[in-house]
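These notes concern the structure reproduced below.
Laboratory data are not the source of any read-out in this text; all were calculated from the coordinates shown. As the structure is a prediction and not an experimental result, all values here were calculated from the model. Cβ placement follows ideal geometry from the backbone for every residue including glycine, while neighbour counts extend to all protein chains displayed.
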Amino acid sequence: MNNEILVFAEHQNGKLVRATWEGLAAGQRLARELGGAVSVVILGGGVADLAHQLAQAKVQEVLAADSPLLKDYTADGYSLALNQVLKNRPVRYLVLGHTYQVRDFAPKLAAKIGSGLISDCLAYRLENDRQIFTRQVFQGKFYADVEPLGGPPHLISFQAGAFREDAVERGSSAAAVNSVSVNLTAESIRAKPGERFRESKQSVDLTQAEIIVAVGRGIKAPENLELVKKLAEALGGEVGASRPICDGGWLPMDRQIGSSGQTVSPKLYVALGISGAIQHQVGMKGARTIVAINKDAEAPIFEIATYGIVGDLFEIVPPLIEEIKKIKTG
Ligand SMILES: Cc1cc2nc3c(=O)[nH]c(=O)nc-3n(C[C@H](O)[C@H](O)[C@H](O)COP(=O)(O)OP(=O)(O)OC[C@H]3O[C@@H](n4cnc5c(N)ncnc54)[C@H](O)[C@@H]3O)c2cc1C
């Protein structure tokens, strides 16, 4: 019976990307609940060091397919190599992060193995032995619960932030790193890798911030952002925002938090006038403490807030800043 969960490890510029660890957290949870083992596969040219980093996680083994033809990513190379790896193992689920690279090769791989790809999932749950994956449809207007049909392996990609990288269980000792040989020829790779797609340069790295004061449409006008900046300054934190604030040019794009912005996990996240749409939540639900100020008691942000204040931010924030200043000056 196919009961292995295999996690795809992505790397860029010699480093494992965050989606790899989030995928591992997802894979470990699936393995725990379905009673199988979790392993991880890495492809590339000269990936021994990265494979050993992965072996620190609680996994059965790390499979490393090292080949000069995999040194540069191509959809042909990756789908051919993974197809061969999958053929020789009892894999039930191949878990991937929903990154640009995965979006590029995973449909090709799914077609090769004749299996489905449930992509960009936000969540997973086990319901009476049924594995259900939730994803958004129609530009995020609806949620669809999707269940894989047919024989394994099934491909599942998870949206950034759907699982927390710090939820990855470390092993008590390093797992075995085993090399797998894949049969590739230069002719089988029909694309020549160009320059890697780069996100627009981010001058602010909110992922490292310990305190973030994030602002949404409730702030009403750009001139009111001063209030938000003052709160962030008093707390010693960074300013973040929901998408409409950045789309409107009120704050630069690198301040955006959410599925199409940054994924953050600060110690404290203060959400001011943010409704808490799912696309925003996936970028910040990993925060340790979430304080939400919103005048609508039904706003979804309160479902994940540690502390919630129902009220007008323009009345609440100024005295809050004064109180913080008083505490700081003793
Ligand atoms: C494909 C896709 C990707 C997306 N990616 C992102 C993303 O990365 N990040 C993101 O944030 N969004 C993203 N969105 C948009 C997302 O769906 C929401 O539209 C957006 O998060 C809403 O922003 P908001 O909470 O600021 O505004 P709104 O939803 O309009 O909420 C404003 C809130 O302010 C409150 N409010 C109003 N006045 C006050 C006041 N005086 N005091 C206190 N509270 C007040 C209101 O009660 C309301 O809850 C994406 C959407 C799609 C379709």
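Packing order of peptides 164-172, 74-82, 4-12, 28-36, highest average first: 4-12, 74-82, 28-36, 164-172 (average count of other Cβ atoms within 10 Å over each peptide's residues). Applied to region 317-330, the Karplus parametrisation 6.51 cos²θ - 1.76 cosθ + 1.60 on θ = phi - 60° returns per-residue 3J(HN,Hα) values of 5, x, x, 5, 4, 4, 5, 5, 4, 4, 4, 5, 8, x Hz, with x for Gly and Pro. Computed over the chain, the P(r) tail beyond 28 angstrom holds 46 percent of alpha carbon pairs. For V215, nonlocal amide neighbours, meaning residues 5 or more places apart or on other chains whose placed amide H falls under 5 Å from its own, are G240, A241, S242, L272.
Of all DSSP beta bridges confined to the chain, the antiparallel ones make up roughly 25%. Projecting the Cα positions of S179, P252, V59 onto the charge dipole of the chain (unit charges on Cβ atoms of Lys, Arg, Asp and Glu, taken about the Cα centre) puts S179 furthest along the positive direction.
Each Cα pair under 8 Å and six or more residues apart adds its sequence gap; the mean of these over the residue count of the chain is a relative contact order of 15 percent. Applying the Karplus relation 6.51 cos²θ - 1.76 cosθ + 1.60 with θ = phi - 60° to region 35-52 yields 3J(HN,Hα) values of x, x, 9, 10, 10, 9, 10, 10, 10, x, x, x, 10, 4, 4, 5, 4, 5 Hz, where x marks Gly and Pro. Amide H contacts of E10: V17, T20, each under 5 Å away and 5 or more positions distant or on a separate chain (H built 1.01 Å from N in the peptide plane; Pro and chain starts excluded).
Applying D = kT/(6 pi eta Rh) to region 206-329, where Rh is the Kirkwood radius over alpha-carbon pairs, T corresponds to 20 °C and eta to 1.002 mPa s, the Stokes-Einstein value obtained is 153 µm²/s. In terms of packing, defined here as the mean over residues of other Cβ atoms within 10 angstrom, the peptides 17-24, 261-268 line up highest first as 17-24, 261-268. Short-range pairs are left out: with C-alpha atoms under 8 Å and at least six residues apart, the relative contact order of region 195-330 is 22 percent. Could you tell me how many degrees, from 0 to 90 and to the nearest 10, lie between the Cα long axis of helix 225-235 and the main elongation axis, the longest principal axis, of the Cα atoms of the chain? Roughly 80 degrees, rounded to the nearest 10. Per-residue ellipticity at 222 nm from helix content only, as computed over the chain with -39500 (n - 2.57) for each DSSP H run of at least four residues, stands at -8500 deg cm²/dmol. Remark: region 12-19, residue by residue, has Karplus-estimated 3J(HN,Hα) of 9, 6, x, 10, 6, 8, 4, 4 Hz, where x stands for each Gly or Pro and the curve is 6.51 cos²θ - 1.76 cosθ + 1.60 at θ = phi - 60°.
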